1. Taking region A:228-265, which residues are open to solvent by less than 30 Å² (accessible area, probe 1.4 Å) and either touching a strand residue (DSSP E or B) at 6+ places or on another chain (Cβ under 9 Å) or at pLDDT 85 or above (or both)?
2. Which ones in region A:28-54 are of a type in the set (D, E, K, R), under 12 Å from A:ASP9 (Cα atoms) and part of a helix (DSSP H, G or I)?
3. Only one of these is β-branched (Val, Ile, Thr) and free of Cβ contacts under 8 Å to residues at least 12 places away in the same chain: B:THR185, B:THR203, B:THR220, B:THR179. Name it.
4. Looking at region B:86-106, I want the residues that are within 9 Å of chain A (Cβ to nearest Cβ) and have a partner that is part of a helix (DSSP H, G or I) and among the polar types (S, T, N, Q) with Cβ atoms under 6 Å, at least 6 apart or on another chain. Which pairs are those?
5. Of the residues in region B:200-221, how many are more than 23 Å from B:ILE190 (Cβ to Cβ) and more than 8 Å from chain A (Cβ to nearest Cβ)?
6. State whether one or more residues within region B:64-80 are assigned to a strand (DSSP E or B), free of Cβ contacts under 8 Å to residues at least 40 places away in the same chain, within 17 Å of the chain's Cα centre (by Cα) and within 13 Å of another protein chain (Cβ to nearest Cβ).
Protein chains: 2
Amino acid sequence: MEQPIGVIDSGVGGLTVLHELKRQLPKEKFIYLGDTLRCPYGPKQEHEVIQYTWEMVTHLMTFDIKMLVIACNTATALVINQLKEQLPIPVVGVIEPGARAAIKATKTNHVGIIGTENTIKSKAYETALKSIKPSLTTVGVACPKFVPLIESGQFTEPGALEIVKESLEFIKDHPNLDTLILGCTHYPIIQPLIEEVVGEQITVLSSAVETGFEVSTLLTFYNMYNSLEGKLEEPVILTTGSLNVFQHLKEEIFQLKSASLKQITLS
Amino acid sequence: MEQPIGVIDSGVGGLTVLHELKRQLPKEKFIYLGDTLRCPYGPKQEHEVIQYTWEMVTHLMTFDIKMLVIACNTATALVINQLKEQLPIPVVGVIEPGARAAIKATKTNHVGIIGTENTIKSKAYETALKSIKPSLTTVGVACPKFVPLIESGQFTEPGALEIVKESLEFIKDHPNLDTLILGCTHYPIIQPLIEEVVGEQITVLSSAVETGFEVSTLLTFYNMYNSLEGKLEEPVILTTGSLNVFQHLKEEIFQLKSASLKQITLS
């Protein structure tokens, strides 16, 4: 019996990470839990985020997961060290993979980060970037309009490009910036719009993509690759909230049509 | 006293990996050993490559290295599993990071690999790629003219582009191929020529760059980052052969001017 990899998020944003994990590691089994009922975690008190995250983790541990991916920037910033210390399995967050990928990509050593107000305020990416490479210049800007744009589905409408343009105005003030981290797991959904606005000179990095790469690396080092050769198992998606938004996203955006979907209650 | 990261190669090719490690991890200390006297390992017998590699590793272990990077495709293919089993420190090769990066990058699931005759014959990249993602289409082609072109220094001359063009003729037969792995640590030195020939539609991946990323990932997971905040130490480069070629390369190509250079004897 192959053990699954557990993925948690406050809501649907982490599906970008699940999609990448499945694409980069098609032989692995995944179980995803989105706490949509209490989403978003951003404006919540710190102790609440810690409690909610532990509730999700405790639930997933009953599925005998072999690795935990925290596909949520807020939860990564607040709880990852606790989880790493206390869980008997490897724990991967979304911040460090994004930071490392930016260090790999930048030639000018000038890196931008966009994310929610809370992620930008936490300076979690800046801390991760500078702890590895102190000489970097960084700029972090919140794009509070992006999550509503994505969750409402309006990102496919003509006005969306204008909203993205306005939110990324700051780029013009940083002509040396050559790398932009999407520091929110929702943002890869509008990555084509972001790339259109920033132009070819700037490398846009998705934390979701880089987290997939990091999980792949760790599977080798912990010698944990799934040896399953036969039929591939589709991911299991659990949510504390409505099934509707997952149903739509998993089919229309993430090519996860055959993933099973189930509502659960966390206490 | 901070422990260094050890890097071994049969010769000078691994300097591309050292350069990337230093760029991505400026706070770390490195010690490099190139067995130039017995280079190249490609045409050697398997038991010789194993013996030579162990001699290099044994020498570097006396410097109390905290991690070992095998910056040589031949040695990675033949000895990495032994080293992983028997050494008390983490061991990183160049093949898996390159393979994983290709899986991350490809959209068409059609990946090319170029390398020396031996690396291509070993099918080490194909094995690594398909063990993770069996649905990939791969094509491996040897480019035996590249290493002489680089080691002779002629890659800066006008005829070089023509040689690269001829060697990469096979690309035309694979219109679906969107990702090309440089499966030899020498090749990043002529990456601009390779990119000019293959065009913008193909992502060219350097195993050297990806190995830097993998070492960075593992340093976090083993909680082994250098805490050094003060003066950065320059790499130490050891060679069993002539100092001349290292002297030229480290200054002209790799911006490792202040790295110290020393000739040693392995028994």
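1. A:PRO235, A:ILE237, A:LEU238, A:THR239, A:THR240, A:GLY241, A:PHE246, A:LYS250, A:LEU256, A:ALA259, A:ILE264
2. Once the filter is applied, which keeps residues that are of a type in the set (D, E, K, R), under 12 Å from A:ASP9 (Cα atoms) and part of a helix (DSSP H, G or I), region A:28-54 yields only A:ARG38.
3. Unique residue meeting the criteria: B:THR220.
4. Filtered contacts from region B:86-106: B:GLU96/A:THR220; B:PRO97/B:THR211; B:ARG100/A:SER216; B:ILE103/A:GLN24; B:LYS104/A:GLN24.
5. Summing the residues that are more than 23 Å from B:ILE190 (Cβ to Cβ) and more than 8 Å from chain A (Cβ to nearest Cβ) in region B:200-221 gives 2.
6. no
Conditions (1) closer than 20 Å to A:THR108 by Cα; (2) among the acidic types (Asp, Glu); (3) surrounded by fewer than 24 Cβ atoms within 10 Å (Cβ to Cβ), marked per residue:
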site	(1), (2), (3)
A:LYS172	yes, no, yes
A:ASP178	yes, yes, yes
A:LEU182	yes, no, no
A:THR185	no, no, no
A:GLN191	no, no, yes
A:GLU196	no, yes, yes
A:ILE202	yes, no, yes
A:LEU205	yes, no, no
A:ALA208	no, no, no
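Okay, residues lined up against (1) in a helix (DSSP H, G or I); (2) more than 27 Å from B:VAL141 (Cα to Cα); (3) within 12 Å of the chain's Cα centre (by Cα); (4) not assigned by TED's automatic domain parsing to the domain that holds B:GLY153:
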position	(1), (2), (3), (4)
B:ILE189	yes, no, yes, no
B:GLU196	yes, no, no, no
B:THR217	yes, yes, no, yes
B:MET224	no, yes, no, yes
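The values are calculated or read from the model by the stated rules, or taken from the named source; none is laboratory data. Note that this is a predicted model, so its numbers are computed, not measured. All Cβ positions, glycine included, derive from the backbone under ideal geometry; neighbour counts span all protein chains shown. With ligands, DNA and RNA removed, areas are computed over all heavy atoms of the protein, side chains included. Shrake-Rupley method; radii C 1.70, N 1.55, O 1.52, S 1.80 Å.
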